[in-house]
Amino acid sequence: METILFAAFALCSILAALLTITAPAPIASALYLVVTMLCLAGLYVLLAAPFVAAIQVIVYAGAVIVLILFVIMLLNLKPIEERIPAAWRIAGIVIAALILMITFLSIMSVSSLLPTATTLPETFGKVNEISGLLFSKYLYAFEVVSVLLLLAVVGAVSLIRKPDAGGTDAN
């Protein structure tokens, strides 16, 4: 049963990721990204890391997607006009799916060459373990990402800001 769930989540995440980068409308891309993040959360649950799965849903599928949608709405993006015929797009998706399937099957056929799975430590995916690493070893990276997200919002707002009628700022 676990293998079937893994295959379903993996296939769904791959398809949703492909749709994320091929969707002509930015809102549709953001929604496909939500599906991708939810599938990845399902994979984390299968890995016995429920806290990481919850953070995946709360932070990425929740907050980051809201931020992306906020920026898309601020920029008032129009759908991109497609220049590639639908038949070529479908052919590209089919070829990419075949390449992924062949790669997957070739890896699984030589599974004896792959390293054996090790048992996970008892603290894997637990809040204490993750918070200890996040606020000690990866503290600066955590802060840099938060500042980067803030700068992205400020940049998006400054890009759409219209100049005053007099040509000077009111400040």
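Observations, loosely collected:
- Test: residue in segment 100-109 that is touching a Ser or Thr at 6+ places or on another chain (Cβ under 6 Å), within 30 Å of Glu129 (Cβ to Cβ) and not acidic (Asp, Glu): no
- Answer from Leu46, Leu5, Leu19, Leu40 - the residue that is under 30 Å from Met108 (Cβ atoms) and in contact with an Asp or Glu (Cβ under 7 Å, 6 or more places away or on another chain): Leu46
- Among the residues of segment 61-80, the one identified as at pLDDT 75 or above, closer than 18 Å to Ala25 by Cβ and of a type outside the set (A, V, I, L, M) is Phe70.
- Leu69 vs. criteria more than 20 Å from Phe9 (Cβ to Cβ) and surrounded by 14 or more Cβ atoms within 10 Å (Cβ to Cβ): yes
- In segment 135-153, the residues that are touching a residue at least 40 places away in the same chain (Cβ under 8 Å) form no Cβ pair under 9 Å with any partner that is loosely packed, with under 11 Cβ neighbours inside 10 Å and among the aliphatic types (A, V, I, L, M), whether six or more places apart or across chains.
- Number of the exception - Leu149 against (1) modelled with pLDDT under 85; (2) exposed (fewer than 11 other Cβ atoms within 10 Å of the Cβ): (2)
- Against the numbered list (1) within 30 Å of Thr123 (Cβ to Cβ); (2) crowded, with 16+ Cβ neighbours inside 10 Å, Val35 comes up short only at (1).
- Residue in segment 26-36 that is outside any helix (DSSP H, G or I) and in contact (Cβ under 8 Å) with a residue 24 or more places away in the chain present: no
- Exactly one residue out of Ala48, Ala10, Ala17 is in contact (Cβ under 8 Å) with a residue 12 or more places away in the chain and not in a helix (DSSP H, G or I): that is Ala48.
- Residue-level analysis places Arg83 among those that are modelled with pLDDT under 85, part of a loop (DSSP other than H, G, I, E, B) and of a type in the set (Lys, Arg).
- Selection status of Leu113, modelled with pLDDT under 75 and out of contact with any Pro (no Cβ under 9 Å at 6 or more places or on another chain): yes
The values are calculated or read from the model by the stated rules, or taken from the named source; none is laboratory data. Every value quoted in this text rests on a predicted model; they were computed, and no experiment measured them. Note: ideal-geometry Cβ built from the backbone for every residue, glycine included; neighbour counts use all protein chains shown.
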